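The structure appears below as structure tokens.
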Amino acid sequence: MPSVRKIIHIDMDAFYASVEQRDAPELRGRPVAVGHGAARGVVAAASYEARTFGVRSALPSVTALRRCPELVFVPPRFEVYKAVSRQIHAIFADYTELIQPLSLDEAYLDVTADRQGLGTAWATAKAIRARILEETGLTASAGISYNKFLAKLASDHRKPNGQFAVTPEMGAAWVETLPVKRFHGVGPVTAAKMARLGIETGADLRAKPLDFLRQHFGSSAEWYHAIARGEDDRPVNPSRERKSSGSETTFDRDLTEPAEIEAGVLRMADDVWSWCDKAQAFGRTVTVKVKFADFKQITRSKSFPSAVRTQEALRAASRELIALVLPPEKGIRLVGVTVSNFEPGTEHGEALPLFGPGEAA
């Protein structure tokens with residue numbers, strides 16, 4: 001019988017906002033949003049004080065201020081967040097070699113080997129969280145379980161500054177009690193579709209035969225069938241391949257002039273190329289994203305027989321794709337460019353932030 005894995009999911013608590021409150025004592029205890037409070041701004045992250053007012057990431061700044069007039073906006077400092085993230089990952093490395101970062105503020109750790117001899121994954125998670133607090137002044141939450149799916153669910157169960165374990169004995173039954181909208185891989189659209197099919201909880205999902213799931217969810221059916229039973233065989237993969245790299249920007253005003261819109265797309269293409277060139281990661285698919293003034297969103301993609309390996313080729317593909325929606329029927333507030341389908345062996349590198357230092361995060 002194979003040994004049971006011991007996996008920890010560490011998730012920093014309101015990471016960006018907590019860094020800002022740590023570095024500016026006058027912000028502590030106040031509702032804080034990382035981003036820009038201008039009319040075109042968007043919240044990148046919110047403190048727990050702000051979340052009590054319904055302020056959350058990706059919320060337009062105008063809406064956030066309406067919900068919380070006392071909200072304090074601070075501009076993002078990505079270099080600081082990256083530096084703190086490096087500190088945290090150095091702590092992880094004292095406990096295991098098997099670290100799979102998901103972003104600057106969360107990661108999976110496989111601690112089956114018990115490098116520090118602490119006896120249990122629970123004790124290891126406590127030790128890691130204590131080190132993070134001592135060395136960075138920030139709190140983290142942890143989920144401990146025998147697979148990645150359950151560990152990630154568990155880390156959210158005692159937030160902030162807590163930890164929760166899901167044992168093999170309780171895993172399947174615990175999943176049955178949870179709403180499916182909390183499951184990794186079940187986004188808002190899928191959750192709504194599941195609700196229409198009478199699937200609200202893990203128990204509802206487990207009750208559906210695999211053929212039913214295939215009929216309604218296609219290639220995702222096996223995943224949903226497995227997680228409804230608390231099953232997930234994915235290993236913690238330190239060399240997880242990047243699937244895409246992208247950059248987007250929100251304009252100061254809604255744009256309707258094709259030349260201005262194209263210029264914005266080309267700036268994003270240049271940002272993405274900068275990362276691709278630095279990381280030597282080249283993909284075959286280029287996607288342009290457009291968000292209109294009414295927040296409706298569309299994408300246009302093109303795949304090539306081989307990877308896009310020059311800045312000129314990326315700009316040409318991006319220009320061709322944005323031309324498909326020009327002239328626009330309504331104003332455009334945001335554009336983005338993404339490269340995906342990387343050639344094998346070229347996918348690694350530092351993640352490109354969703355928002356640049358000067359963007360309306």
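The values are calculated or read from the model by the stated rules, or taken from the named source; none is laboratory data. Bear in mind the structure is a predicted one, so any value in this text is a computation, not a measurement. Methodologically, a virtual Cβ is constructed for each residue, glycine included, from the backbone with ideal geometry; neighbour enumeration extends over all protein chains shown. These accessible areas exclude ligands, DNA and RNA; they are computed on the full protein's heavy atoms, side chains included. Shrake-Rupley method; radii C 1.70, N 1.55, O 1.52, S 1.80 Å.
Here are some notes:
- Rounded to the nearest 20 debye, dipole of the chain from Cβ charges on Lys, Arg, Asp, Glu: 640
- For the chain, the solvent-accessible area of protein heavy atoms averages 48 Å² per residue (probe radius 1.4 Å; ligands and nucleic acids excluded).
- Taking Cα centre as origin and charging only the Cβ of basic (Lys, Arg, +1) and acidic (Asp, Glu, -1) residues, the dipole magnitude of segment 144-257 rounds to 180 debye.
- Loop-located trypsin sites (Lys or Arg not before Pro) in segment 216-258 (DSSP state other than H, G, I, E, B) with a sparse environment of at most 16 neighbouring Cβ atoms within 10 Å: 229, 240, 243.
- Ligands, DNA and RNA left out, the 1.4 Å accessible surface of the chain is 53% carbon and sulfur atoms.
- Here the simple spin-label model places points 7 Å from the Cα toward Cβ, and for residue 220 and residue 330 these points are separated by 2.5 nm.
- Using C-alpha pairs under 8 Å with a sequence gap of at least 6, the mean separation divided by the residue count of segment 1-140 gives a relative contact order of 27 percent.
- Selected from 265, 325, 339 as most flexible by GNM, with the chain as the system and alpha-carbon contacts under 10 Å: 325
- Calculated FRET efficiency for the pair residue 116/residue 306, C-beta based, R₀ 45 Å, to 0.05: 0.45
- Gyration tensor (alpha-carbon) shape descriptor, segment 193-301, a/c threshold 1.5: oblate
- Restricting segment 237-309 to chymotrypsin sites (Phe, Trp or Tyr not before Pro) that sit in a DSSP loop and have at most 12 other Cβ atoms within 10 Å of their own Cβ leaves 295.
- Most to least packed among 91-104, 150-163 [average Cβ atoms within 10 Å]: 150-163, 91-104
- Listed peptides 329-335, 219-225 by packing density, highest first (mean Cβ within 10 Å): 329-335, 219-225
- Within the listed set 217, 78, 15, the residue fluctuating most in the Gaussian network model of the chain (springs between alpha-carbon atoms under 10 angstrom) is 217.
- Student exercise, segment 16-130 dipole from Lys, Arg, Asp, Glu Cβ charges, in Debye to nearest 20: 440
- Of 11, 270, 105, the residue with the greatest mean-square motion in the GNM of the chain, using alpha carbon springs below 10 Å, is 270.
- Restraint check, 181/302; 6/152; 208/296; 152/278; 82/278, Cα-Cα greater than 24 Å: 181/302; 208/296; 152/278
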